[in-house]
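Inspection log for the structure reproduced underneath, given as structure tokens.
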Amino acid sequence: MQSNEPATSPWLKRAVPLGAAAAILAAIAFKLALPEPYSWSIREDGPFETATCAAYFAASLVASLTAMRLRRRSLPLDAAFYVVLALGFFFVAGEEISWGQRLFGVKAPEYFREHNFQKELNLHNFATSRMVHTAYILLSAYGAIGSFLVPRAWRERAAARVDRLVPQRFLAPLFVPALLLFSYFEYLSPFLVRHWGAQFGWGRTHLLLAKDQEPAELLLAIGYLVFVAVNRSRLAAPRPLPSRA
């Protein structure tokens, strides 16, 4: 079945993978060539974390606008999906900066100081690292491989809806770094350390740091921002005229 929505721009399909590859190489070069400025940039409330927060806030706004347009097009289920996305992105954005705790000089309540892993005003630091890593693995896998798992028959029958609900394949490079990094943290590294030694670990005494997740998290946030922005743009564009038999 032919979609009644405009196709995604070919230049965007080329630009996103190239931009993601360039960003990955730049982050690696930054870490290796300028370790001290790099460490500063990945600190709490540093440039990477702030940019990630901004990307999620922007994604939340765009998802909200997309939900309203879907509702006007009488697509309530799709609209509900984007409402969930908007709320989820807003939550993640707030969690990234501990809901402005350090920005506004807010003191965390006593319960948070006693039970929160980093004594911060957020919820994700109540969870174990495995729970957080698993959440990131699922979120990044959805964007990296979700579209490849959609049955061909579904795509042929409802291509536009599939693209609204699952990030298109050209966006996968934005999600792959987080998927690989958190999978390494949680599954591959323990296996390699157990069988081949501590050099395959990660942390302060290793080349791979826990805070190396910040560049990967930023690409993940950008991936979801582009995902919702593309669908918002497609819905806002004039519908192509139906072809005459």
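The values are calculated or read from the model by the stated rules, or taken from the named source; none is laboratory data. None of the values given here were measured: they were computed from a predicted structure. Don't worry about glycine lacking a Cβ; one is built from the backbone with ideal geometry, like all the others, and counts go over all protein chains shown.
Residue pairs whose Cβ atoms lie under 7 Å apart, sitting 6 or more positions apart in sequence or on different chains, and linking a residue in the range 14-27 that is in contact (Cβ under 8 Å) with a residue 12 or more places away in the chain and of a type outside the set (Val, Ile, Thr) to a partner that is surrounded by 11 or more Cβ atoms within 10 Å (Cβ to Cβ) and assigned to a helix (DSSP H, G or I), are 17/170; 17/173; 20/173; 20/174; 20/219; 21/173; 23/219; 27/215. Does residue 60 satisfy the condition of being under 30 Å from residue 236 (Cβ atoms), of a type in the set (S, T, N, Q) and surrounded by fewer than 13 Cβ atoms within 10 Å (Cβ to Cβ)? No: the conditions fail for residue 60. Out of everything in the range 84-111 that is at pLDDT 80 or above and either surrounded by fewer than 17 Cβ atoms within 10 Å (Cβ to Cβ) or touching a Ser or Thr at 6+ places or on another chain (Cβ under 6 Å) (or both), what residue ends up being farthest from residue 46 (Cα to Cα)? Selected residue: 84. Taking the criterion of being over 15 Å from the mean Cα position of the chain (by Cα) and either under 19 Å from residue 95 (Cβ atoms) or at pLDDT 90 or above (or both), the residues of the range 160-177 that qualify are 161, 162, 163, 164.
Yes/no per residue for (1) assigned to a helix (DSSP H, G or I); (2) in contact (Cβ under 8 Å) with a residue 40 or more places away in the chain; (3) β-branched (Val, Ile, Thr):
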position: 153; (1), (2), (3): yes, no, no
position: 164; (1), (2), (3): yes, yes, no
position: 170; (1), (2), (3): yes, yes, no
position: 186; (1), (2), (3): yes, yes, no
position: 204; (1), (2), (3): no, no, no
position: 207; (1), (2), (3): no, no, no
position: 218; (1), (2), (3): yes, yes, no
position: 231; (1), (2), (3): yes, yes, no
position: 235; (1), (2), (3): yes, yes, no
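Looking at the range 134-170 only, could you name the residues that are closer than 22 Å to residue 65 by Cα, touching a Phe, Trp or Tyr at 6+ places or on another chain (Cβ under 7 Å) and hydrophobic (A, V, I, L, M, F, W, C)? Within the range 134-170, 162, 165 qualify.
In the range 69-83, the qualifying residues are those that are of a type in the set (A, V, I, L, M) and exposed (fewer than 15 other Cβ atoms within 10 Å of the Cβ), and the one that is nearest to residue 55 (Cα to Cα) is 80.
For residue 212, the conditions (1) charged (D, E, K, R); (2) crowded, with 17+ Cβ neighbours inside 10 Å; (3) over 19 Å from residue 28 (Cα atoms) are fulfilled apart from (3).
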